[in-house]
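Asker: Below are the structure tokens for one structure; questions will follow.
The values are calculated or read from the model by the stated rules, or taken from the named source; none is laboratory data. What you see is a predicted model; the values in this text were computed from it and never measured. Counting neighbours? That spans all protein chains shown, and the Cβs are built from the backbone with ideal geometry, glycine included.
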Amino acid sequence: MSRRAALAGGAATAAGFAARRARAQAGAPLKIGYGLPRTGYLGVASPVAEQAYLLWGEQVNAAGGLAIAGGGRRHVQFVSYDDQSEPSKTAEIYEKLISDDAVDLLLAPYGTPFHIAIAPVIERNRFPVVAAATLSSLLRDMHMRHMWFPQPLPDAYGVILAAFLAAQGVKSASLLTLQLPASLETRKYLLPQLSSRGISVALDQDYPNSTADMTGMVSAVRQAHADAVICLSYPQDSVLYVGTARELGITTPVQLLLIGPGEPFFVKKFARADLEGILTIGEWTPDQARWPRARAFNDAYVARWKEPPDYLDSTVSYASCEILAQAVAQVGLDHDAITAAMDSMAFDTVKGPIKFRGVENISTQPGLLQFQSGALQIVWPPDIATARFRPKTGWSL
Amino acid sequence: MATPILSVESVEAGYGEVRVLHGVSLHIAAGGITALLGSNGAGKTTLLRAIAGLLPASGGRVAYRGTSLHGVPASARVDQGIVLVPEGRLIFGDFTVEENLLAGAFCARARSRRAETLEEMYARFPMLRQRRRQMGGTLSGGQQQILAIARGLMSRPALLLLDEPSLGLAPMMVAELFAVVRDIRDAGITVLIVEQNVRATLELADDGFVLETGRITLRGSASALLGDDAVRQAYLGL
Amino acid sequence: MTWQLLLSACVSGALYAVIALSLNLIYGTMRLLDVAHGEFVMVGAFAGYFLVTLLGVPPVLALLGAFALNGLAGLVLYQWLFAGIIRRARSTESLESTSLLVFFGLSVILQNGAALAFGGTPRAYERYARIVHVGGVAITGNRLVAMAACVLAVVAVLVFFARSTWGLAIRALIANRDAAAIVGIDTQAAFRLTCVLGFGLAGYAGAVIGLMQPVSPFMGGQYLMIGFVIIVLGGVGKLVGSVVGGVLIALLETVGTQLTGPNYRDILIYGTFIAVLLLRPQGIFGRHAA
Ligand SMILES: Nc1ncnc2c1ncn2[C@@H]1O[C@H](COP(=O)(O)OP(=O)(O)OP(=O)(O)O)[C@@H](O)[C@H]1O
Ligand SMILES: [Mg+2]
């Protein structure tokens, strides 16, 4: 960016501040901005996040607006753009949201590369953003000061996954890894955990995003005869895995898919008997009675969108709104005050209590979910479990 | 005089900005063979394409049996009975001989009698029957020319436009070809033929026209043209 | 295990053949550079999905429904859009570049339209889910149905083009547009029919995919790529080439990656593609332009 453009941007920001103050007094709606991939390769994945944002906004407005410290409520109004699944566009969008649209608050983009892309923008503008749909430890290691992560990170999942496998007496595991960030990172953190628990890796195969047939790979899984199959997959190949594993009769008692089973379409694609016993990552279900907001959120989401929320992305996106709202209710709209509040406050969300230390959520325990009688139950770790793990007993005929 | 089967009146045509035909007029009576002569680049092919509807005429009028063909697409002209056997033959090299012939009987009028016409063609050209399953592209030049003519006849035309059928053929094949053209005339089909082989053509034809740089410069009975000094000098090398 | 792989290859091969055939009809016959073909597949997939889930149509009939809907859309698009583009084009090159832009626009409209109308999230239904044993090989019923549906479609299309008058006419148009006009083929009518068949088949293929996999507005891209790779392999305008090319790509994808590794999929497919481009630019089944 040229210096002139930068100065112009600064001027626009200053003008934005002034305008914002004026509007606040007039009780104008509160502008909340975000960019999401509505088109491009992530267009298929992001609606579960946006639907959570929209639901939250509607609920806030129905309740008379967002409560702001110092009194008063203001309706929220979203300003959003399509980043076309291109991280560079996301950076531009957030730049524009801050300087041109002069939004009061920002919500997170979708996916790890997009969170990374906006990091310099929000750091430079000292604009607080609660992250949402991202599964990456890279971001934490960037030492950001204005972004916080409600979702547990891949290294944490690596620890509990290995602990879970050890608890089931698993001695060897077959690993299939999709070559996309969340999968690769999870594998990176899982491997040392497995070896420290004495679990051998019988098969370690990665595969490209373009994979359209898994017969060969799943055959190799069958020949490896491991006690567990860990398929670090995304939704599309999760479907492929289940179809192929069923055809090839993979009867391993522990079969885990990284991303997919928590998405609404997954349940419709397979018979209950085939879903039964499949594991995935996640620590949320509407049945977790200790988090009373979970069920209410689930039901409101179903009523609004005619489909259940995604157990990972919808819930964390909604929780990110709740966190921001609670901070604003406590300290108002000043960005530095919100940033300080993130460090000190404890939040109550649909994912349970959340507290940040640095950028990391230290309250939420990462967990594992399993299909039991057609619904996902938390089966690990034991202290948040809603059901006990049941070994997968094969497939329907 | 009876209505000519084909009337070309002051036709102008060309390619893009380039005008090739500068007001060509000719009339052809039904039933005979008419020769169209002219040196290279005179516009003979252009005229035939304009008659067949493959090239729009930018001026003048083409009428078939007294009715204007203005705006009538090429496919409909075939349906009405005008068919062109083009320069360079344009047979379908990847089609079998039989498929080439069947493609010729596409128009509605011919389609219903397709099997019968095919049998007639095989009877007339036994070579085609022998090679019916062979790919068109594998035939010799002379065989391809016969195939192109037979394909044209498959549409059961009333007016056959032949553009340099003898081009590139061995002398024996040329003689056979001219015999075929005579047979076609004897079967009652009107023929308009463009040929470099001027003497043989005029000996066969009933009438003739000479086209030079887009204009008709001579017309008359074939025997008169054969005796004309200008024709003898320009085309017969005498 | 080999048989399992070969059967899997047959399932994808049959699907790829239908997609490549349909694209080859549009591109080979009219020289319309249809980069929205994946989106037509997607529209068919949604048509099939809604016919099955909302109207309770049996999936096999939904395939025909998707064919009919897409074919009708193809016809309307031809009358309203493509005919004009073809008429105004000065040369094949200019037709290709104009149509590329038009279809690019169509693909954006279809993708975003579908995302707006149906939402971006994937949708799926479960039918014919029983495992069937074919000579010791286990295969999910829906994949068997999908394969049978594709084989039937391929056979029907090839027989139509080999035997019927209109099939011959379209082949004549593919071979030589000038010669086809000379023998009296009604180009407009043949193009209309080609659009019905080409876009209809794309929809049919989409509905077949919906039998096996989730459908979403963004599913089309991969099938467009596969389609173009196959028609270059098999030869532009060569219908049998598309079928053989489809099976070849599927074999590379399943058996080839089994022999080398999953990461070699793209190398195998695009490597073969580039090798063919270098060694036989006219495609395996194509002839040099005469
Ligand atoms: N497709 C074309 N585009 C542009 N100009 C053309 C085209 N075809 C022919 N011409 C030009 O039009 C003129 C007449 O060509 P045409 O083919 O009608 O002549 P012809 O009498 O058939 O000659 P020949 O005896 O060589 O076949 C020539 O000057 C030729 O260069
Ligand atoms: Mg000529």
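Asker: Restricting the first residue to the stretch C:254-268 and requiring it to be at the interface with chain A (Cβ under 7 Å from one of its Cβ atoms), which pairs with a second residue that is among the basic types (Lys, Arg) and surrounded by 15 or more Cβ atoms within 10 Å (Cβ to Cβ) meet a Cβ separation below 7 Å and a spacing of at least six or different chains?
Answerer: Listed pairs, sorted by first residue: C:Thr257/C:Arg265.
Asker: Could you check, for the stretch B:93-115, whether at least one of its residues is at pLDDT below 95 and within 16 Å of ligand 1 (Cβ to nearest atom)?
Answerer: No, every residue in the stretch B:93-115 fails to be at pLDDT below 95 and within 16 Å of ligand 1 (Cβ to nearest atom).
Asker: Now for a different question. Residue pairs, Cβ under 8 Å, 6 or more apart or interchain, first in the stretch C:114-135 and facing another protein chain (nearest Cβ under 7 Å) and under 17 Å from A:Pro308 (Cβ atoms), second of a type in the set (Asp, Glu) and surrounded by fewer than 17 Cβ atoms within 10 Å (Cβ to Cβ). List them.
Answerer: Qualifying pairs under 8 Å: none.
Asker: If a residue must be within 7 Å of ligand 1 (Cβ to nearest atom) and in contact with a helix residue (DSSP H, G or I) (Cβ under 6 Å, 6 or more places away or on another chain), how many such residues does the stretch B:31-46 contain?
Answerer: 1
Asker: Still on this model: I need the full set of residues from the stretch B:67-85 which are farther than 11 Å from C:Val183 by Cβ and facing chain C (nearest Cβ under 7 Å), in order please.
Answerer: Answer for the stretch B:67-85, where residues must be farther than 11 Å from C:Val183 by Cβ and facing chain C (nearest Cβ under 7 Å): just B:Asp79.
Asker: Filter the stretch B:157-192 for residues that are modelled with pLDDT of 95 or more, within 16 Å of ligand 2 (Cβ to nearest atom) and among the aliphatic types (A, V, I, L, M); which is farthest from the chain's Cα centre (by Cα)?
Answerer: B:Leu192
Asker: Tally up the residues in the stretch A:338-350 that are touching a strand residue (DSSP E or B) at 6+ places or on another chain (Cβ under 9 Å) and in contact (Cβ under 8 Å) with a residue 40 or more places away in the chain, please.
Answerer: Selection size over the stretch A:338-350: 3.
Asker: Name the helices (runs of 4 or more DSSP H) wholly inside the stretch C:187-268 in which the number of residues that are crowded, with 24+ Cβ neighbours inside 10 Å is 2 or more.
Answerer: Because the criterion is at least 2 residues that are crowded, with 24+ Cβ neighbours inside 10 Å, the helices (runs of 4 or more DSSP H) in the stretch C:187-268 that meet it are C:187-212, C:220-234, C:239-251.
Asker: Among the residues of the stretch A:48-99, write down those that are within 14 Å of another protein chain (Cβ to nearest Cβ) and β-branched (Val, Ile, Thr).
Answerer: A:Val48 - this is the single residue of the stretch A:48-99 that is within 14 Å of another protein chain (Cβ to nearest Cβ) and β-branched (Val, Ile, Thr).
Asker: Could you pull out the residue among A:Asp141, A:Asp101 that is surrounded by fewer than 19 Cβ atoms within 10 Å (Cβ to Cβ), of a type outside the set (Lys, Arg), assigned by TED's automatic domain parsing to the domain that holds A:Asp343 and without any contact (Cβ under 8 Å) to a residue 24 or more places away in the chain?
Answerer: Of the residues listed, the single one that is surrounded by fewer than 19 Cβ atoms within 10 Å (Cβ to Cβ), of a type outside the set (Lys, Arg), assigned by TED's automatic domain parsing to the domain that holds A:Asp343 and without any contact (Cβ under 8 Å) to a residue 24 or more places away in the chain is A:Asp141.
Asker: Follow-up question, since we're still on this one. List every residue pair whose Cβ atoms lie under 8 Å apart, where the two residues are 6 or more positions apart in sequence or sit on different chains, the first residue falls within the stretch B:174-197 and is touching a residue at least 40 places away in the same chain (Cβ under 8 Å), and the second residue, located anywhere, is within 16 Å of ligand 2 (Cβ to nearest atom) and part of a helix (DSSP H, G or I).
Answerer: Listed pairs, sorted by first residue: B:Leu192/B:Leu48; B:Leu192/B:Ile51; B:Ile193/B:Thr201; B:Val194/B:Lys44; B:Val194/B:Thr45; B:Val194/B:Leu48; B:Glu195/B:Thr201.
Asker: Could you figure out which of (1) more than 16 Å from ligand 1 (Cβ to nearest atom); (2) away from chain C (no Cβ under 14 Å); (3) modelled with pLDDT under 95 isn't true of B:Arg129?
Answerer: Answer for B:Arg129: the failing condition is (3).
Asker: Only residues that are touching a Leu at 6+ places or on another chain (Cβ under 7 Å) and closer than 22 Å to A:Ser314 by Cβ: list them for the stretch A:95-115, please.
Answerer: If the condition is that a residue be touching a Leu at 6+ places or on another chain (Cβ under 7 Å) and closer than 22 Å to A:Ser314 by Cβ, then A:Leu105, A:Leu106, A:Pro109, A:Tyr110, A:Gly111, A:Thr112, A:His115 are the ones that fit.
Asker: Taking strands (runs of 3 or more DSSP E) that do not extend beyond the stretch B:1-115, which have at least 2 residues that are surrounded by fewer than 20 Cβ atoms within 10 Å (Cβ to Cβ)?
Answerer: B:6-15, B:18-28, B:59-64
Asker: Only one of these is of a type in the set (A, V, I, L, M), within 22 Å of A:Leu368 (Cβ to Cβ), touching a residue at least 24 places away in the same chain (Cβ under 8 Å) and assigned to a helix (DSSP H, G or I): A:Leu203, A:Leu194, A:Leu256. Name it.
Answerer: Matching residue, one of A:Leu203, A:Leu194, A:Leu256: A:Leu194.
Asker: Moving on. Can you tell me which condition A:Asp310 does not meet? The list is (1) in the same structural domain as A:Asp141 (by TED's automatic domain parsing); (2) charged (D, E, K, R); (3) over 18 Å from the mean Cα position of the chain (by Cα), and all the others hold.
Answerer: If we test A:Asp310 against (1) in the same structural domain as A:Asp141 (by TED's automatic domain parsing); (2) charged (D, E, K, R); (3) over 18 Å from the mean Cα position of the chain (by Cα), just (3) comes out false.
Asker: Hey, another quick one. Can you run down the residue pairs with Cβ atoms below 7 Å, 6 or more apart or on separate chains, where the first is in the stretch C:158-172 and among the polar types (S, T, N, Q) and the partner is assigned to a helix (DSSP H, G or I)?
Answerer: C:Thr165/B:Arg111
Asker: For the stretch C:87-104, state whether one or more residues are surrounded by fewer than 16 Cβ atoms within 10 Å (Cβ to Cβ) and either within 14 Å of chain A (Cβ to nearest Cβ) or over 23 Å from C:Val236 (Cα atoms) (or both).
Answerer: Within the stretch C:87-104, one or more residues are surrounded by fewer than 16 Cβ atoms within 10 Å (Cβ to Cβ) and either within 14 Å of chain A (Cβ to nearest Cβ) or over 23 Å from C:Val236 (Cα atoms) (or both).
Asker: Take the stretch A:58-98 and flag every residue that is assigned to a helix (DSSP H, G or I), closer than 15 Å to A:Lys31 by Cα and without any contact (Cβ under 8 Å) to a residue 40 or more places away in the chain.
Answerer: A:Asn61, A:Lys96
Asker: Looking for something under 23 Å from B:Ala148 (Cα atoms) and within 13 Å of ligand 1 (Cβ to nearest atom) - is there at least one such residue anywhere in the stretch B:53-61?
Answerer: yes
Asker: State which residue is nearest to the other protein chains (Cβ to nearest Cβ) when the search covers only the stretch B:135-145 and only residues that are surrounded by fewer than 24 Cβ atoms within 10 Å (Cβ to Cβ) and either assigned to a helix (DSSP H, G or I) or touching a residue at least 12 places away in the same chain (Cβ under 8 Å) (or both).
Answerer: Among them, the one singled out is B:Gly137.
Asker: Select from the stretch A:349-389 the residues that are among the polar types (S, T, N, Q) and in a strand (DSSP E or B) and list them in ascending order.
Answerer: A:Thr349, A:Asn361, A:Gln370, A:Gln372, A:Gln377 - these are the residues of the stretch A:349-389 that are among the polar types (S, T, N, Q) and in a strand (DSSP E or B).
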